[in-house]
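**Q** There's a structure below that I have some questions on.
The values are calculated or read from the model by the stated rules, or taken from the named source; none is laboratory data. For clarity, every value in this text was computed on a predicted model and none was experimentally measured. We place every Cβ from the backbone using ideal geometry, glycine too, and count neighbours over all the protein chains shown.
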Amino acid sequence: MNLRDPNSMNRILGIVLKTGVVLSGVIIAIGTVLFLTNHSLDNTSAYLAYNPVLIPHGSFPVSLSSISSGLTSLDPSSIIQLGFLVLLATPVARVALSLFLFAAEKDRRFVYLTATVLAILLFSMLATPLIPLFNG
């Protein structure tokens with residue numbers, strides 16, 4: 001593929017976005033099927049009911065370590081959470097791939113611009129949870 005051709009670059013980035021969304025949907029569907037096989041439909045609404053004592057809403061995995069330990073035991077909630085993480089990571093992967101594609105084209109202006117966008121994305125995802133102002 002000729003990376004100088006904008007259609008070629010758009011095609012590559014489109015494949016990344018489509019793959020991420022489809023992969024996320026498949027993972028979420030697997031987690032949903034496992035959830036429904038483990039719980040009767042009569043009991044599902046009670047299981048998902050809002051409980052203000054448990055934060056966030058229910059006893060769902062909320063950290064990467066709890067999600068990974070839940071994945072080893074095939075916990076449906078952890079699998080669904082993984083699907084959402086894949087969905088959230090998809091645009092970040094697109095920006096990172098754009099950075100490499102612009103670097104391959106030797107387009108410095110877009111490399112700097114894309115690197116700035118990627119830095120802002122990564123900062124917002126990784127650093128803001130450590131800032132007390134953002135933790136309520």
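**Q** How about the stretch 98-118: which of its residues are within 15 Å of I12 (Cβ to Cβ), hydrophobic (A, V, I, L, M, F, W, C) and buried (at least 17 other Cβ atoms within 10 Å of the Cβ)?
**A** Those that are within 15 Å of I12 (Cβ to Cβ), hydrophobic (A, V, I, L, M, F, W, C) and buried (at least 17 other Cβ atoms within 10 Å of the Cβ): L99, L101, F102.
**Q** Take the residues of the stretch 6-30 that are of a type in the set (A, V, I, L, M, F, W, C) and more than 30 Å from L74 (Cα to Cα): which is modelled with the lowest pLDDT? So that I can check it myself, show each step before the final result.
**A** Restricting attention to the stretch 6-30, the residues satisfying the condition of being of a type in the set (A, V, I, L, M, F, W, C) are 9, 12-13, 15-17, 21-23, 26-30.
From the residues that got through so far, the ones that are more than 30 Å from L74 (Cα to Cα) too are 9, 12-13.
On the way: M9: 82, I12: 88, L13: 89.
Among residues in the stretch 6-30 that are of a type in the set (A, V, I, L, M, F, W, C) and more than 30 Å from L74 (Cα to Cα), the one modelled with the lowest pLDDT is M9.
**Q** Right, here's the next one. Report yes if L121 is part of a helix (DSSP H, G or I), under 22 Å from the mean Cα position of the chain (by Cα) and more than 18 Å from N10 (Cβ to Cβ), otherwise no. If you could, list the steps in order and put the result at the bottom.
**A** Working: part of a helix (DSSP H, G or I): yes; under 22 Å from the mean Cα position of the chain (by Cα): yes; more than 18 Å from N10 (Cβ to Cβ): yes.
So L121 passes the test.
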